[in-house]
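The values are calculated or read from the model by the stated rules, or taken from the named source; none is laboratory data. Just so we're clear, the structure is a prediction, and the values are computed from it rather than from any experiment. Here Cβ is always computed from backbone atoms with ideal geometry, including for glycine, and neighbour counts include all displayed protein chains. The area values use the complete protein model at the heavy-atom level, side chains included, leaving out ligands, DNA and RNA. Shrake-Rupley method; radii C 1.70, N 1.55, O 1.52, S 1.80 Å.
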Amino acid sequence: RLFRGSCDRSCRAEMRPWLVALVAICVEAQMSSMGLPPGVQMGGMGGGGDETHFAEELDMRNLDDRVSESELLLLLVFRADASQLGTEFERAAGQLLDDGIDAVSTAKLNLQVEGSEEALAKHYKDKKAEYPAILLFRRGQFRRRLNTQSGDDLARHMRFLSKPGSTRIDDVDQLNNLLKDFHDTVVVGIFGDFQRPSHNLWVKNSEVLRDEQFQLVEVSVDTANAMKALEKFAPFEPMKNQFAVVKPQKWLGKNETHVVFSGDFRQAQMNAFVRANSQTLVSALTGRVRERAVEGGKFLASVTYDMKLHSKIHKYVVNRIHKIVAADPALDQHFAWTLLDLKNLGNNEEAADHWGIPINTTFALIVYDMSGHRKFAVSLEKEGDASDLNTSAIKPFCSAVIAGQEAPYVRSEMPPSNNDAVIKIVTANTYAELVDDTSQDVLLHTFSKKPGSALNEVTGLFHNAGMPGSFRVAVFNLTANDFNMTRYPYDVVGSGKSDTQFFMLPANAAAKEKPILFKPKPIKSPSLAMGEAATWYTVAELTKFILKHVAVPIKSTMLAKIKQSLKDINDKLAEQAGEDDSQFKKKKKKKKNRQSQAKDDL
């Protein structure tokens, strides 16, 4: 039923545990054949054997077909292994499969497999892009790169995009409730005749705007007139064939316009009009708000509190921010303003750990530098009354942030009491001491879930050869420490959610400011892109990468031992690749013979 395409949502939900059990049996059998005890994890660089895979794995041979055939394609692009982001992506893929959303396809592309990067370049041409990345395609066209790092958020976003670009509403109460309760801007198309060319343009444009997370609805002019009678659109003179950009009432300041209208449905003009008139000064924290803050080079400023406990102060906080910004226009120029529920930062302990807020703070202002990725925070509690909001602290704090007079908060785990092992543990507070040492060539491994399996192997290779005193291997846990994002690419190591990576920092001051990212060469044989072979391929490439970038010369005897170990690994990989190529050629010949026979039969 699954292969015939007749497996509905309940069928898939019933099938999933059986497929998971089957995968577990196959993994156990493979481990047994390799002489490994049960419970040992298998995987490549940074990967683990404990994931269930729902997303399809693509390569240069099938990427074009999948992009062109899919209504919506969510593509995870990575090198070697996607680590934590890959885990979250699989979580989203599993949820979408359970929901039976057939319009969304999920797939993964490993750029380390030869030809994959060239195949991707036909559809996505950003030469400066860093990976891993999640790309969204609709009907063969690249739409946008998604910054969502949570599997649950990603699945929720795709459920939203899988629905029709615009929803028709005929019930006045339903429209009224949507406009009253929705937390974001709603675009309302008003039509006297749904068969007119203007409606066709509306339908076409609605998909583009929906990809930017706008909510679009369409109504008849009669429904719009009924809304006017309720005075929900005042001032409102509904005409046929126009659209209204309706800002959320709960986020409006006193001088902000609730509704603006246009009758220009041309794509560029309509999209520009919606984008220009959809933003309130203070808004809910959405992906679109984040993107606009990045584009405008603004700090993201969020007044944070328990919204359930203090449900009645929302409008008061919005109006206070309007008043503060009106008195100092620089606060509008430099900040994008939002309100954030404290629960979105986790519990009180997590908020204190990540932002440096006092652990039981009721009200706080957290500021995030979208370009330098620095964090600032201040308590907004009134002295002697933790239940009351002190908005007078906002202006001086923000002015100090703009002037560079406020020190950013840097999260750091406690360094180990004994750090004498071959692999050094680096924290945010010990980074300068262990990595910036100009007498040391440093291989730094960043990770978010667990260190990659290639780390121990390459460290052992150098250690067995007699690791020189001028060479240091170090690890940095992204989930427990803040990184210096002015040095490292945010797309690679940002937020502690991205890929496990290796960086080389040669022994000189200038090189320490520009870490060199390890990018292994493409894998020619697909069999070397998975499992144990992928680990050893990474070890070989990483060893060559280290030897290329060390600034302090390695002794000839040590170098000879390292090169011999490297030769042994390459010989082993070449043997496996040869076997794989031979099997591939046999399969290709059989397929060609079958096609030829089918042609003769026809």
Q. Only one of (1) among the aromatic types (Phe, Trp, Tyr); (2) open to solvent by less than 30 Å² (accessible area, probe 1.4 Å); (3) without any contact (Cβ under 8 Å) to a residue 60 or more places away in the chain is not met by Tyr131, so which one is it?
A. (3)
Q: Go through region 130-149 and give me each residue that's of a type in the set (Gly, Ala, Ser) and touching a helix residue (DSSP H, G or I) at 6+ places or on another chain (Cβ under 6 Å).
A: Gly140
Q. Where in region 76-184 are the strands (runs of 3 or more DSSP E), entirely inside, with at least 1 residues that are among the small types (Gly, Ala, Ser) and touching a strand residue (DSSP E or B) at 6+ places or on another chain (Cβ under 7 Å)?
A. 104-110, 133-138
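Matching residues to (1) modelled with pLDDT of 85 or more; (2) charged (D, E, K, R):
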site: Val77; (1), (2): yes, no
site: Gln84; (1), (2): no, no
site: Gly100; (1), (2): no, no
site: Ser105; (1), (2): yes, no
site: Lys125; (1), (2): no, yes
site: Phe137; (1), (2): yes, no
site: Phe142; (1), (2): yes, no
Q. Residues in region 395-403: is at least one closer than 21 Å to Ile313 by Cα and of a type in the set (A, V, I, L, M)?
A. no
Q.
Condition first: open to solvent by 20 Å² or more (accessible area, probe 1.4 Å), within 24 Å of the chain's Cα centre (by Cα) and under 22 Å from Leu281 (Cβ atoms). Can you find one or more residues in region 174-183 that meet it?
A. yes
Q: With the condition kept exactly as written, say whether any residue in region 401-423 is open to solvent by less than 20 Å² (accessible area, probe 1.4 Å), of a type in the set (A, V, I, L, M) and at pLDDT below 90.
A: no
Q: Name the single residue, out of those in region 307-342 being part of a helix (DSSP H, G or I) and in contact with an Asp or Glu (Cβ under 7 Å, 6 or more places away or on another chain), that is farthest from Arg292 (Cα to Cα).
A: Leu342
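Out of curiosity, is Ser105 open to solvent by less than 20 Å² (accessible area, probe 1.4 Å) and of a type in the set (Ser, Thr, Tyr)?
No: the conditions fail for Ser105.
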Q.
Checking the structure you have, find out if any residue of region 376-384 is part of a strand (DSSP E or B) and within 27 Å of the chain's Cα centre (by Cα).
A. yes
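To keep it simple, each residue is scored yes or no on (1) farther than 30 Å from Ile190 by Cβ; (2) without any contact (Cβ under 8 Å) to a residue 60 or more places away in the chain; (3) of a type in the set (S, T, N, Q).
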{"position": "Leu74", "(1), (2), (3)": "yes, no, no"}
{"position": "Leu109", "(1), (2), (3)": "yes, yes, no"}
{"position": "Leu120", "(1), (2), (3)": "yes, yes, no"}
{"position": "Tyr124", "(1), (2), (3)": "yes, yes, no"}
{"position": "Leu136", "(1), (2), (3)": "no, no, no"}
{"position": "Asn147", "(1), (2), (3)": "yes, no, yes"}
{"position": "Lys163", "(1), (2), (3)": "no, yes, no"}
{"position": "Asp171", "(1), (2), (3)": "no, yes, no"}
Q: Could you please let me know if Asp353 is touching a Leu at 6+ places or on another chain (Cβ under 6 Å), of a type in the set (D, E, K, R) and at pLDDT below 90?
A: no
(Q) I need every pair where a residue in region 266-288 that is basic (Lys, Arg) has its Cβ under 8 Å from the Cβ of a residue that is open to solvent by 40 Å² or more (accessible area, probe 1.4 Å), sequence separation at least 6 or different chains. (A) Arg266/Leu201; Arg275/Glu212; Arg288/Glu212; Arg288/Gln213
Q) Within region 297-310, is there a residue that is hydrophobic (A, V, I, L, M, F, W, C) and in contact with a Gly (Cβ under 6 Å, 6 or more places away or on another chain)? A) no
(Q) Of the conditions (1) out of contact with any strand residue (DSSP E or B) (no Cβ under 8 Å at 6 or more places or on another chain); (2) assigned to a loop (DSSP other than H, G, I, E, B); (3) open to solvent by less than 40 Å² (accessible area, probe 1.4 Å), Arg288 satisfies every one except a single condition; which number is it? (A) (2)
(Q) Residue under question is Lys315, and the condition is that it be over 23 Å from Ala377 (Cα atoms) and open to solvent by 60 Å² or more (accessible area, probe 1.4 Å); does it hold? (A) no
Q. Can you name the residue in region 153-173 that is more than 18 Å from Arg288 (Cα to Cα) and among the charged types (D, E, K, R) and, of all such residues, is surrounded by the most Cβ atoms within 10 Å (Cβ to Cβ)?
A. Arg168
Q. Which of the residues belonging to region 335-358 are more than 25 Å from the chain's Cα centre (by Cα) and either open to solvent by 30 Å² or more (accessible area, probe 1.4 Å) or without any contact (Cβ under 8 Å) to a residue 12 or more places away in the chain (or both)?
A. Pro358
Q. How many of the residues making up region 425-442 are of a type outside the set (Ser, Thr, Tyr) and crowded, with 19+ Cβ neighbours inside 10 Å?
A. 6
Q. If you take the residues of region 479-516 that are crowded, with 17+ Cβ neighbours inside 10 Å and basic (Lys, Arg), which of them is modelled with the lowest pLDDT?
A. Lys497
Q | Odd one out for Leu230, checked against (1) closer than 19 Å to Gln279 by Cβ; (2) modelled with pLDDT under 80 | A | (1)
Q | Failed criterion for Ser150 (all others in (1) open to solvent by less than 30 Å² (accessible area, probe 1.4 Å); (2) under 19 Å from Arg290 (Cβ atoms); (3) polar (S, T, N, Q); (4) in contact with an Asp or Glu (Cβ under 9 Å, 6 or more places away or on another chain) hold) | A | (1)
Q: Collect the residues in region 185-218 that are open to solvent by 40 Å² or more (accessible area, probe 1.4 Å), assigned to a helix (DSSP H, G or I) and among the polar types (S, T, N, Q), keeping them in residue-number order.
A: Asn200
Q: Starting from residues that are more than 23 Å from Asp388 (Cβ to Cβ) and of a type in the set (Asp, Glu), keep the ones in region 289-327 and report whichever is farthest from the chain's Cα centre (by Cα).
A: Glu295
**Q.** Residue list for region 443-478, filter: more than 19 Å from Asn419 (Cα to Cα), under 25 Å from the mean Cα position of the chain (by Cα) and either among the basic types (Lys, Arg) or open to solvent by less than 20 Å² (accessible area, probe 1.4 Å) (or both)
**A.** Ser448, Lys449, Gly452, Ala454
Q.
Please go through region 257-284 and give me each residue that is open to solvent by less than 50 Å² (accessible area, probe 1.4 Å) and closer than 16 Å to His183 by Cα, ordered by number.
A. His258, Val259, Asn277, Ser278, Thr280, Leu281, Val282, Ser283, Ala284
